[in-house]
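Working notes for the structure below.
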Amino acid sequence: MTARRTFLTLALASFTLAIAPLASADAEPPAQAFIRSKQELLMKLVKEGKPDADVDKIFNSLLNYDALAEASLGSEWGARTADEKAEFTKLLSQLVRNSYRKNLKNTLGYKISYTKTEKVNGRDVVYTEAENLKKPREEKVVINYFITGEGDQRRVVDVVTEETSMVASYRSNFTKVIKKDGFPKLIEKMKKKVASGSTKAD
């Protein structure tokens, strides 16, 4: 091989290596890029010990609280007044943020892998695995994000951890309280949880 050809081959190889990460990033599904960017920013803020208010701003751009609230009440949603829906949604959003914030702190020592993204019933689903770096033998935790919307309107409407849906869990617990004690009692319990800083919504 001539010196010129060798130089051109090496130059081409270097150029290919240099742009490979960019090409990979460009090929990342939009929904996956959305989750990755939000998660990385949240992790950064938590690691730096930023105020909860700063962290909550990112949560607000990540989660669709209206959709979470409606799905969490299920058939009970239609029976509620506009004011009841608004109060419930506000309380639920506070509890969800408290829980999410706590989980972030607990997973700072984990490595998140994005395994695939696909469409399921009109929603984007981003599949991830969390690996405990301090305990490599520990089984990976599977966390999947269900997303609706496009562009700036893209939001998470459910999170499924180890095949357990956040929305389904809330709905089951809320329904039990409502059937036993009524909707006002549920609101009372949620207010107490928020005031105590609890991460549980039921």
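The values are calculated or read from the model by the stated rules, or taken from the named source; none is laboratory data. Predicted, not measured: the structure shown is a model, and the values here were computed from it. Keep in mind that these areas ignore ligands, DNA and RNA; they rest on the heavy atoms of the full protein, side chains included. Shrake-Rupley method; radii C 1.70, N 1.55, O 1.52, S 1.80 Å.
Computed over the stretch 46-202, the convex hull of the alpha-carbon atoms projects to a mean area of 10.6 nm².
Share of the stretch 89-163's accessible area from carbon and sulfur, percent, 1.4 Å? Roughly 44 percent, rounded to a whole number.
Of the listed pairs Lys85/Lys185; Lys44/Lys105; Lys90/Lys185; Lys57/Lys105; Lys50/Lys140; Lys90/Lys179, which have alpha-carbon separations greater than 19 Å here? In this structure, Lys50/Lys140; Lys90/Lys179 lie more than 19 Å apart at Cα.
Taking only alpha carbon atoms, the stretch 91-166 gives an Rg to Rh ratio of 1.00, where Rh is the Kirkwood radius.
Computed with a 1.4 Å probe over protein heavy atoms only, the accessible surface of the stretch 69-202 comes to 57 Å² per residue. Under conditions of 25 °C and 0.890 mPa s, the stretch 32-90 yields 186 µm² s⁻¹ as its translational diffusion coefficient, taking Rh as the Kirkwood radius over Cα pairs in the Stokes-Einstein equation.
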